[in-house]
Ligand code: ADP
Ligand code: ZN
């Protein structure tokens, strides 16, 4: 029997059940239980964990069971975050359990002791340890390897650190502990990264007129506590970061907290340095390379309001700050803000705006090349637009476009670096200045194709050609890691001998060519191959900034937002390759990429130059990017988007069906399509099912269909209910506002 005063909790279980379940709150827990609390509840007599999403005074059900236990001493999710989760679940058509997992990662849910870590240290004296190590070296090389590390670190090492080292595993460590050679100890530490580094203080700069106008308006919003979104549209080097920093300063002075989103993990270090030098206080960092311990500590510090500034990649938008005043999304146009692999397929920029609205915080979106969605929002007055058109320190770089067709004729086919670019690299090198070369392809050659049938050697498991890596002498798939040993002499498709040729030079080749042409030149390369280890981004950037290299070669990792004042030459290779991709955003991507890369040149006091090498010499996008003419680009692009009915004039939903058996997927997808067609309200159109741009990934075949229409919230419940009847063998992903249709 349920007495009158009973309160009920709606609980979302951790396992993906689509609906929340009702539970009664026992009297002794009524004071504590709040929305956002983690709880244990009985499900078919078994204890299960879940999250309370709301407290109710009634329940539609009889015989409601009671909550068994409340976990943690506080509610982990605050009401504004729960409201945000609800919006994400509805807008992105994602199950609430998955959304909650995004906001409250499983490591954070654990009740692990906050600050204790296992340290492995020696249990016998140094000389004895050396002797012992030598004795076992032949018979137990793995144990000896562990002891070698301990000998180099006489105070011991964290177990987690030890296990990150090459060739070290748990079992030899355990054996050594059993033998009494090593011992475990618990050490209390704070695993929040970077809390003990020192930075040289910087002072706020005197703002120029454009910056001052923008900052004043932003400060007004922050003071008013009324949600507003500002678009800071400023050319590269126009001092957007300076405006961010002064806006952050103002927010902190009111006792409020700040989230700064950056699009690329490679950028976090540099941004942290600039912020730490200015604010001299603790800054939290959130990105996917944090260890579990680091993530746990950081999250709980934030929840308690102990850190005022958070920098991070897209998931940092969910930082549990109790008194959020400002959210900044730097390079808001970047597609890395979109999660597209897994549900919920959220866009961190859009989530930032919604979160701002829910918490009455101010939002700043910054970019030199705003996404067209944002640009239109600013033009319509939904966002407040501020334009920064000058560089406070120095001039815009001079840009040259080199026609690579002429270059190919001149050099009989084999042109990677044009004469113009080589000449400028040499001059820059002789003058002791630094150069950045950008090429958005890693490896030595991006594929090996047959001269007869034009087919490339591709992965066994993916719809992807294999890249040749010369250093490792392998052909490898950049999706799944499948490799083949070269040389391949017979075409696997048409079986003709001696027809295979390499094509599409990558960063590895650029680096080798430079060394051949300029013996003694010092280069650094930054791509996925050189940044596999934690901390490698920081190392490469650190070396480049401190002048340990003359040239930095890299993929899009080096394109965004980097600030190296002594770089005076930027070379953009293969600038046009992205224009061939059959996607409605192809032009936008190429335009912003070239603008961003070019913007790395001449950011200090010395004037900068940019060389763009292009096979599509006359292409309007390349020309507009070279002249940094965003407005003309945007207006022309908007006309095209309108004509073909693409965002921002409509919204898109991409549904991806995948699985092992293409026939099964197709037949399921066709039924789904029919049901959806029947259920779709007016104003929506449904496109036919086609194979995805990458039709196979890791042995999973993929098909997609596209919905166009405006009021997304009208159709997401329909999509959700249709997905409920899906067989286990088929994977279905709903991607609302996809960044590409390819
Ligand atoms: P953005 O973020 O727009 O690319 P930054 O904020 O990195 O530009 O600024 C580029 C350079 O200009 C930096 O070296 C910065 O210190 C300098 N700068 C910015 N604002 C001013 C200013 N008002 N006066 C002098 N230098 C400035
Ligand atoms: Zn593959």
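The values are calculated or read from the model by the stated rules, or taken from the named source; none is laboratory data. Remember, predicted model here, so these are calculated numbers, not experimental data. For neighbour counting, all protein chains shown are included, and Cβ atoms are generated from backbone atoms with ideal geometry for every residue, glycine included.
For the range 723-735, a residue qualifies if it is farther than 24 Å from residue 348 by Cβ and under 30 Å from the mean Cα position of the chain (by Cα), and the qualifying residues are 724, 726, 728, 729, 730.
Within the range 693-709, residues that are touching a residue at least 60 places away in the same chain (Cβ under 8 Å) reach partners that are away from ligand 2 (no atom under 16 Å from the Cβ) and part of a strand (DSSP E or B) with beta carbons closer than 7 Å, at six or more positions or on different chains, in the pairs 708/652; 708/685.
Checked against (1) part of a loop (DSSP other than H, G, I, E, B); (2) modelled with pLDDT under 95, residue 336 passes all but condition (1).
Only helices (runs of 4 or more DSSP H) wholly contained in the range 588-686 count here; list those with 2 or more residues that are without any contact (Cβ under 8 Å) to a residue 60 or more places away in the chain and under 30 Å from residue 723 (Cβ atoms). Walk me through how you get there before you give the answer.
On the way: elements: 620-626, 630-643, 662-679.
Those helices (runs of 4 or more DSSP H) span 662-679.
Within the range 434-441, at least one residue is more than 26 Å from residue 694 (Cβ to Cβ), within 16 Å of ligand 1 (Cβ to nearest atom) and modelled with pLDDT of 90 or more.
Could you identify the single residue in 315, 367, 336, 291 that is in contact (Cβ under 8 Å) with a residue 40 or more places away in the chain, more than 16 Å from ligand 2 (Cβ to nearest atom), under 29 Å from residue 542 (Cα atoms) and surrounded by 24 or more Cβ atoms within 10 Å (Cβ to Cβ)? Only one candidate qualifies: 367.
Can you tell me how many residues within the range 218-245 are in a helix (DSSP H, G or I) and closer than 15 Å to residue 365 by Cα? Let's see the steps before the verdict.
Step one: filter the range 218-245 for residues in a helix (DSSP H, G or I), giving 218-224, 240-245.
After this cut, where a residue has to be closer than 15 Å to residue 365 by Cα as well, the list is 218-219, 221-222, 240-245.
Residues in the range 218-245 being in a helix (DSSP H, G or I) and closer than 15 Å to residue 365 by Cα: 10 in total.
For the range 207-238, which residues satisfy the criterion of being on the phi > 0 side of the Ramachandran plot and either buried (at least 22 other Cβ atoms within 10 Å of the Cβ) or within 16 Å of ligand 2 (Cβ to nearest atom) (or both)? Once the filter is applied, which keeps residues that are on the phi > 0 side of the Ramachandran plot and either buried (at least 22 other Cβ atoms within 10 Å of the Cβ) or within 16 Å of ligand 2 (Cβ to nearest atom) (or both), the range 207-238 yields only 237. When the criteria are applied in full, residue 276 meets the requirement of being modelled with pLDDT under 95, closer than 25 Å to residue 537 by Cα and more than 16 Å from ligand 2 (Cβ to nearest atom). Residues that are surrounded by 22 or more Cβ atoms within 10 Å (Cβ to Cβ) and within 30 Å of residue 569 (Cα to Cα) were ranked within the range 450-489; the one that is nearest to ligand 2 (Cβ to nearest atom) is 467.
Take residue 492 and decide whether it is surrounded by fewer than 16 Cβ atoms within 10 Å (Cβ to Cβ), within 16 Å of ligand 2 (Cβ to nearest atom) and part of a loop (DSSP other than H, G, I, E, B). Yes: the conditions hold for residue 492. Within the range 574-587, if we keep just the residues that are in a helix (DSSP H, G or I) and in contact (Cβ under 8 Å) with a residue 24 or more places away in the chain, the residue that is surrounded by the most Cβ atoms within 10 Å (Cβ to Cβ) turns out to be 587. If the condition is being more than 20 Å from the chain's Cα centre (by Cα) and at pLDDT 80 or above, then the range 282-308 contributes 282, 297, 300, 301, 302, 303, 304, 305, 306, 307, 308.
Working only within the range 450-468, note down all residues that are assigned to a strand (DSSP E or B) and within 25 Å of the chain's Cα centre (by Cα).
Here is the first cut: in the range 450-468, the ones assigned to a strand (DSSP E or B) are 450, 456, 458, 465, 467-468.
Within the range 450-468, 465, 467 meet the criteria.
For the range 536-549, enumerate the residues that are more than 15 Å from ligand 1 (Cβ to nearest atom) and either surrounded by fewer than 21 Cβ atoms within 10 Å (Cβ to Cβ) or under 19 Å from residue 594 (Cβ atoms) (or both). Of everything in the range 536-549, those that are more than 15 Å from ligand 1 (Cβ to nearest atom) and either surrounded by fewer than 21 Cβ atoms within 10 Å (Cβ to Cβ) or under 19 Å from residue 594 (Cβ atoms) (or both) turn out to be 536, 538, 539, 542, 543, 546, 547, 548, 549.
Residues to consider are 49, 34; find the one that is surrounded by 14 or more Cβ atoms within 10 Å (Cβ to Cβ) and farther than 14 Å from residue 14 by Cα.
Selected residue: 34, the only one of 49, 34 that is surrounded by 14 or more Cβ atoms within 10 Å (Cβ to Cβ) and farther than 14 Å from residue 14 by Cα.
Residues in the range 591-610 that are in contact with a strand residue (DSSP E or B) (Cβ under 7 Å, 6 or more places away or on another chain) and buried (at least 23 other Cβ atoms within 10 Å of the Cβ): 594, 597, 598, 600, 601, 602, 608, 610.
This table checks each residue for (1) surrounded by 15 or more Cβ atoms within 10 Å (Cβ to Cβ); (2) within 16 Å of ligand 1 (Cβ to nearest atom); (3) in a loop (DSSP other than H, G, I, E, B).
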position	(1), (2), (3)
377	yes, no, no
391	yes, yes, yes
395	no, yes, yes
399	yes, no, no
405	no, no, no
428	yes, no, no
443	yes, no, yes
448	yes, no, no
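Only one of the listed residues (528, 512) is in contact (Cβ under 8 Å) with a residue 60 or more places away in the chain, within 15 Å of ligand 2 (Cβ to nearest atom) and within 30 Å of residue 425 (Cβ to Cβ). That residue is 528.
Checking the stated criteria, residue 537 turns out to be assigned to a helix (DSSP H, G or I) and away from ligand 2 (no atom under 16 Å from the Cβ). For the range 199-210, the criterion of being in a strand (DSSP E or B), more than 10 Å from ligand 1 (Cβ to nearest atom) and more than 24 Å from the chain's Cα centre (by Cα) is satisfied by no residue at all.
Under the condition of being under 18 Å from residue 298 (Cα atoms) and surrounded by 22 or more Cβ atoms within 10 Å (Cβ to Cβ), which residue from the range 255-270 is nearest to the chain's Cα centre (by Cα)?
Narrowing the range 255-270 to residues under 18 Å from residue 298 (Cα atoms): 256-262, 265, 268-269.
Then drop every residue that is not surrounded by 22 or more Cβ atoms within 10 Å (Cβ to Cβ), which leaves 257-262, 268.
Working: 257: 22, 258: 19, 259: 15, 260: 14, 261: 10, 262: 8, 268: 11 Å.
Applying the filter and picking the extreme gives 262.
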